[in-house]
1. What full-extension length gain, to one decimal in nm, is calculated for residue 66 and residue 193 as 0.36 nm per residue of separation minus the Cα-Cα distance?
2. Okay, helix-only estimate at 222 nm for the chain: each DSSP H run of n ≥ 4 adds -39500 (n - 2.57), divide by all residues, round to 500 deg cm²/dmol; what do you get?
3. Taking 0.36 nm per residue of sequence separation and subtracting the Cα-Cα distance, how much length would be gained by fully extending the chain between residue 165 and residue 7, in nm to one decimal?
4. Cα extents of the chain along the three principal axes, largest first, in whole Å?
5. Just the number please: accessible area per residue for segment 80-210, 1.4 Å probe, all protein chains included, in Å².
6. With r defined as the distance between the Cβ atoms of residue 58 and residue 158 and R0 fixed at 35 Å, what FRET efficiency is calculated, to the nearest 0.05?
7. How far, in degrees from 0 to 90, does helix 89-99 lean away from the longest principal axis of the Cα atoms of the chain, to the nearest 10?
8. Anyone know which of 124, 177, 155 comes out most mobile in the 10 Å Cα GNM of the chain?
Amino acid sequence: MRLIAENLTVERGGRTILSGLSFLANAGEAVVLVGPNGAGKTTLLRTIAGFIRPVSGSIRLEGGQADTSVAEQAHFIGHANAIKAHLTVRENVRFWATYLGGPREAEGRVDLALQHFAISGLGEFPAAYLSAGQKRRAGLARLLVAARPLWLLDEPTVSLDAASTKVLGAAVNAHLESGGLVIAASHLPLGFARAREFDVAAAARGIVPA
């Protein structure tokens, strides 16, 4: 399986953010997007996720489900945690399991996700009472409740301490070991296995990274 983006041009608010950008991501590897603020890292992730339609170019997932869009085969974790404050932690994670079309044994996946991100003891707490780091872990838990080959992570370690960053890294590395793909943007070291950097600004200028 591999993700192929070819000659992407993306505009936002009438301004060209990405122009003629191409890249390839192979199964089992994490591509870490780097570049200065405003280079287009978030724009690229949101375009792959289907939230922004490119002016030109194409994105395809070879080896994925031919009759399903790339966006439908991806998890997207953005800057916001997508947590409803009035719901409990378990209810939030269960919602994502249902919304993302998890299997019938979704409750078991919810339990495993809560355990992995060390928030099982907070399952019945309203999300409004959580710390910033706990909310982030609750938001990240949806990565584990429904299978998606492509994970798109925008600054995934925001609000996480060192221990929680390692927990996220373990989830990502297990996904890579199973043949999954990860594309992430971060200003901090992520500790992902088999990771390589992709300079978005340089690629948009036609410079192919070594």
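1. Roughly 42.9 nm would be gained on extension.
2. -8500 deg cm²/dmol
3. Using 0.36 nm per residue and subtracting the Cα-Cα distance, I get 53.5 nm.
4. 50, 35, 34
5. For segment 80-210, the per-residue accessible area is 49 Å².
6. Efficiency computed from Cβ-Cβ geometry: 0.70.
7. 50 degrees
8. 124
The values are calculated or read from the model by the stated rules, or taken from the named source; none is laboratory data. Only a predicted model underlies this, so the values are computations on that prediction, with no experimental measurement involved. Methodologically, a virtual Cβ is constructed for each residue, glycine included, from the backbone with ideal geometry; neighbour enumeration extends over all protein chains shown. When the accessible area is computed, the model is the full protein with side chains, heavy atoms only, and any ligands, DNA or RNA have been set aside. Shrake-Rupley method; radii C 1.70, N 1.55, O 1.52, S 1.80 Å.
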